[in-house]
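Visitor: Here it is, the structure in full.
The values are calculated or read from the model by the stated rules, or taken from the named source; none is laboratory data. Bear in mind the structure is a predicted one, so any value in this text is a computation, not a measurement. Please note: Cβ atoms are built from the backbone with ideal geometry, for glycine as well, and neighbour counts cover all protein chains shown.
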Amino acid sequence: MTAASTPGPRDTTGAGPEAPAAAERLAAVARELAEAAGAVRAAGRAVTAVASDPALLASLGRSPRRGLRAAGALARSLTDPAGLGHAPDGGRAGHAARLAGVAARRGSLAGDLAATALRLRIRLSATRHAEYGAEAPVRRMLVAVEAGLPGLALRILREDVRVRSAGHALAALAPACEEVTAWHALADGNPFNDAAAWHTVTGTPADRVLPSVPRARGARPFAEPPDGAFPEGLDDGGGISAHLRNLAALGPGRMLTQQVTGPDGTTRCLVLLPGPEFVLPRTASPEGLVAAVAALARGASPYTLAARDALRRTVPEGMPVALVGHGLGGVTALHLAGGPGRSGRAVELVVTAGSPTGSGRLPAPGARVAGLAEEHDLMPRLEGCSPVPVLPPSPDRLELAWTDPSYDVPQCLGAEAYAQSLDKTATGARDRVDELLAPYRGRAGKTVVHRLGG
């Protein structure tokens, strides 16, 4: 809405990865600009609150001259093109003034700073991905969006889909998907989608992911008939790669609880929560993606309620618990980790792969969260979380993202593919998560496979 529609330079993008130091400097500048944009926007809201305060209007009757001077100074602060630009925001009066500014095509300093921060984050993605090169379709699409030519961008996208398939086209765009959509929201002249864009700019969680999601009843879980061969066939490596392979073997609609006696002699419980199977092109609907979007807005999905009931029935009270989830299973794990009231058990570690890490779903005090994401996977981006962190990482959260040059959509989104990518491409990320899982490596005890209905 407030950003200039000028395409970024085309001659310096994405031929290959820059030096890590240069990329870190670019990320630091983008973070500082985002913080400055948020501060300027907050200043505009504060001035608007003072200007629309009934006490100021009352002062006009007591001292018209001073009151008019104060009102004029506040109005100039909110509309000076050399200062904040058109900055009214907040409250009914500020909202009305902001809409009037949109109609008059008035820009604001906060919007310009935000747009610049987003463009820098897009540029940082371009330096990390070969598909963002000057002649690549995704780069031409980005230039068209930045130039205010959505029709051209749509034609480029359609041609890319026709040539490479929808999955590959969207996966190529995924590393900068949040920045592109947020930039377009700020520049499209529509003030009603700016709030979501600002959440991406500042890295703050949205109040609600979906405006209206019906509340579902949980389905009662039940343990599958004893299958002695299945638990014996699990990968007993104990690391994150082994757990991801076991998640792939479990398949959707199941859950595994396994008691493990660790190196210190303490018995803990490891819980595996599979996500949906990857979406086969042309043959299946993206129900897993839809379910994950719905699950972001509420913790009362049938899958989550069934998993909670299974935990309470299987895991002894007071036993430390680690949850490992993929896709929708990771979203469920984060909901369950929100304290004993959520799961009925003491969750001390959550590891997700290919899942939104859910800044709005805080774990219980003392719990750790580790999120793994391949940058071409759209699922972790559903909450506007960018590979370029905006805010300093929380001490209880570990976010690990990487790029696998051999990605193949949609097979690369499955748990088995994540395991292979960690073993071949992201060994550092694998080793860091394995350190967190070390207390859960040891002699396996009672293992139960649950089928979660609903």
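Visitor: Quick one: which residue in 13, 2 is touching a strand residue (DSSP E or B) at 6+ places or on another chain (Cβ under 7 Å) and at pLDDT below 80?
Guide: None of the other options fit; the residue is 2.
Visitor: Can you name the number of the only condition in (1) at pLDDT 70 or above; (2) surrounded by 21 or more Cβ atoms within 10 Å (Cβ to Cβ); (3) farther than 25 Å from residue 119 by Cα that residue 363 fails?
Guide: Here residue 363 clears every test but (1).
Visitor: For the range 85-96, give me the residue count where each residue is buried (at least 20 other Cβ atoms within 10 Å of the Cβ) and either in contact with a strand residue (DSSP E or B) (Cβ under 7 Å, 6 or more places away or on another chain) or in a loop (DSSP other than H, G, I, E, B) (or both).
Guide: Final tally of qualifying residues: 5.
Visitor: Mind listing whichever residues of the range 416-442 are in contact with a helix residue (DSSP H, G or I) (Cβ under 8 Å, 6 or more places away or on another chain), modelled with pLDDT of 90 or more and among the hydrophobic types (A, V, I, L, M, F, W, C)?
Guide: The answer is 419, 422, 429, 433, 437.
Visitor: Something else about it: Looking at (1) modelled with pLDDT of 50 or more; (2) under 25 Å from residue 72 (Cβ atoms), find the lone condition where residue 33 falls short.
Guide: (2)
Visitor: Okay, moving on. Say whether the condition of being under 19 Å from residue 201 (Cβ atoms), in the same structural domain as residue 438 (by TED's automatic domain parsing), in contact with a helix residue (DSSP H, G or I) (Cβ under 8 Å, 6 or more places away or on another chain) and modelled with pLDDT under 85 is met by at least one residue in the range 369-380.
Guide: no
Visitor: In the list 234, 210, which residue meets the criterion of being modelled with pLDDT of 80 or more and under 30 Å from residue 250 (Cα atoms)?
Guide: Within the list 234, 210, the selection yields 234.
Visitor: While we're looking at this one, here's another question. Here are 68, 78, 99: which of them is in contact with a Pro (Cβ under 7 Å, 6 or more places away or on another chain), surrounded by fewer than 16 Cβ atoms within 10 Å (Cβ to Cβ) and not small (Gly, Ala, Ser)?
Guide: None of the others qualify; the one that does is 99.
Condition check ((1) in the same structural domain as residue 175 (by TED's automatic domain parsing); (2) surrounded by fewer than 21 Cβ atoms within 10 Å (Cβ to Cβ); (3) modelled with pLDDT of 80 or more; (4) in a helix (DSSP H, G or I)) across all residues:
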residue	(1), (2), (3), (4)
58	yes, yes, no, yes
74	yes, yes, yes, yes
82	yes, yes, yes, no
112	yes, yes, yes, yes
